[in-house]
Structure formats: structure tokens, C-alpha cells
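The structure under discussion appears below in the form of C-alpha cells.
Since every read-out is calculated from the coordinates, none of them should be taken as a lab result. This one's a predicted model, so the numbers in the text were calculated from it and none came from an experiment. Virtual Cβ from ideal backbone geometry, glycine too; neighbours counted across all protein chains shown.
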Amino acid sequence: MLIGVTDTLKPNLSKYTDWLTTIEPSAKCMVLSHVTQNLEAVDLLDGLLLTGGGDVDPKYYGESDPLSKSRDVVASRDEFEFQVIERALDRNLPILGICRGMQVINVYLGGTLILDLPSAGHDDHSQANMVEVVHKVETVAGSLLREISGEESLGVNSSHHQAVKALGNGLMVGAISSDGVVEAAEWVMKERRSFLLLVQWHPERMDPGKFVGASKALARRFATETKAFKNKSQSQLHTITDR
């Protein structure tokens, strides 16, 4: 099976690919990059992982504030990933969004973001002195995240200063922090849509000696959904060619 992984242009990209291939050795990863503009590669994929990185340009969600509170904005990455998301949703690909990945698809779906959590009265969820913040999130009853993790409360790492403000069309909250920050989201009508799970933390770099944050469970479920998509696609192809 082939999983598309959006390009961070940083060494941390290997954290995502290693996380997936360690859990599912049969998985192959293809980097989708706003530098090479290889959008057509989405048509070859069985799943899509939207990675972390800089902030989404606030102009895309109607924020009049200039870039004073945003960090590492790359307009070409935003535009490329919006196209990737559109193509992936058209194909009903399983999608997993992590940190920025959660934010960019939320904006694509018409949602908005909090420009800066501390400025908006929330706790600081970003790194302090290069050390990740660790905190608890409460999973929502009946959510996909609750089903996957089997837990009402999860310990997660945190390194973000922005978060979802208004949810995008069709999304519901999957988990929330004690200070009211949306920490996970998913489709409301899950039975009618392809797999989609968005998390604000970084399961790909969780320390197993501390909090696991359902890291393995998330990777396994994403791999399972990706395999199912591939098998279904192959079955449909055989049906067409056998006619």
C-alpha cells in the first residue's frame, strides 16, 4: 500500500514515515511536496498523511490580522496542500492529519483557527526551551478517537501555538483539553464518509516511556483503513476489467 506524506522540508519528515512503516512494514511512503508540485501522485495513493509544520496563512480563513501572530507561513505549501486535500477527498482516501495537518484541512473545509493560544486566553501548548509540553485530553464519547484508543483520557505531547476555532463543515470534536482547546476532530457522519482523523498532537514522536497517546493504535487503524481502501480499489478494478 502507498501512503502520501506531505513534505515538511525538515529532517523530522522521517519521524512520520518511520512511525508508519514500523507499525506496518508493508507500507510505502511517497512524499507530496509543494516544491516539486507532484499533485498527480495523489491518484496513486491508498492513504494520505498531512504532517505538521508552519502556520496556515490567516488570509485563507478570513482573518484580517496580518501575519503578526503567525509563524513560518509558506503560501505555496498552503495552496498545494489544499489541492492535495481536494483530490484526496474526491477519491475518498483515508486521511490522517497531525498538528498543522489538522489545521490545514479544517481551513479547507471552511473552518477557522485561533491565531495564538496564549493571546486568546488559553494555556501555552507550544514547546518550552525545546521541551514538549505534555498534557491530558478528554476523548468525546462516541467518537472515532475514543473507539480507537479505548480511553476516556489520553496523555499527549504538545508543540502548537494555534488551534481550531470554528470547526470546518462536516466535522465534530473528537477530543478537548482542560483549557477548552480542540485536540482532535473527525467526520460527524462517519458511516457516510471515508476515514478521517485529525489530531493536534504528534503521535509520531511520542515517548513510549511516558505517555503513549494512543500512538500505536492510531498508526495501526490508519494502516488498516489504507489496506482496506487498496483492496477495495483493486476489487473494483478487477470487476471492471472482467466485464
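If you project the alpha carbons of the range 11-97 onto their three principal axes, what span does each projection cover, largest first, in Å?
If we take the Cα atoms of the range 11-97, the spans are 45, 28, 22 Å.
Report the label-to-label distance for LYS59 and THR22 in nanometres (one decimal), using points 7 Å from each Cα along the Cα→Cβ vector.
Those two pseudo-labels are separated by 4.0 nm.
Normalised by the residues of the chain, what does the relative contact order come to in percent, with Cα pairs under 8 Å and at least six apart? Show your work: numbers first, answer last.
Numbers: 467 pairs, mean separation 48.0, N = 243.
It comes to 20 percent, rounded to a whole number.
Explain nothing, just compute: Karplus ³J(HN,Hα) = 6.51 cos²θ - 1.76 cosθ + 1.60, θ = phi - 60°, for every residue of the range 12-19 in order, whole Hz, x for Gly and Pro.
Per-residue couplings from phi come out as 5, 4, 5, 4, 5, 5, 5, 4 Hz.
Please work out which option in (i) 0.97; (ii) 1.07; (iii) 2.43 gives Cα Rg over 2.2 N^0.38 Å calculated from these coordinates, and answer with its label.
Among (i) 0.97; (ii) 1.07; (iii) 2.43, the one derived from this structure is (i).
Please give the contour-minus-distance gain from GLU138 to ILE176: 0.36 nm per residue of separation, less the Cα-Cα distance, rounded to one decimal in nm. Let's see the in-between values first.
On the way: separation 38, 0.36 × 38 = 13.68 nm, distance 0.54 nm.
Taking 0.36 nm per residue and subtracting the Cα distance, the gain is 13.1 nm.
If I stretch the segment between ARG192 and ASN92 completely, what's the gain in nm (0.36 nm per residue apart, minus their alpha carbon distance), one decimal?
Details: separation 100, 0.36 × 100 = 36.00 nm, distance 1.05 nm.
Result for the pair: 34.9 nm of gain on full extension.
Give, as a single signed number, the net charge of other residues whose beta carbon lies under 13 Å from the beta carbon of LEU197, with Lys and Arg counted +1 and Asp and Glu -1. Spell out each step's value before the answer.
On the way: positive: ARG146, LYS190, ARG193, ARG220, ARG221; negative: GLU147, GLU183, GLU186, GLU225.
The answer is +1.
Between the range 72-116 and the range 1-39, what's the alpha-carbon centroid distance in Å?
16 Å
With each label point set 7 Å from Cα along the Cα-Cβ vector, what nm distance links LYS69 and GLN37?
3.3 nm
Explain nothing, just the number: dipole magnitude of the chain about its Cα centre with +1 on each Lys and Arg Cβ and -1 on each Asp and Glu Cβ, in debye rounded to the nearest 20. Each step should come with its number before you reach the end.
Numbers: 25 positive and 32 negative charges, 137 e Å.
Charge dipole, the chain, about its Cα centre: 660 debye, nearest 20.
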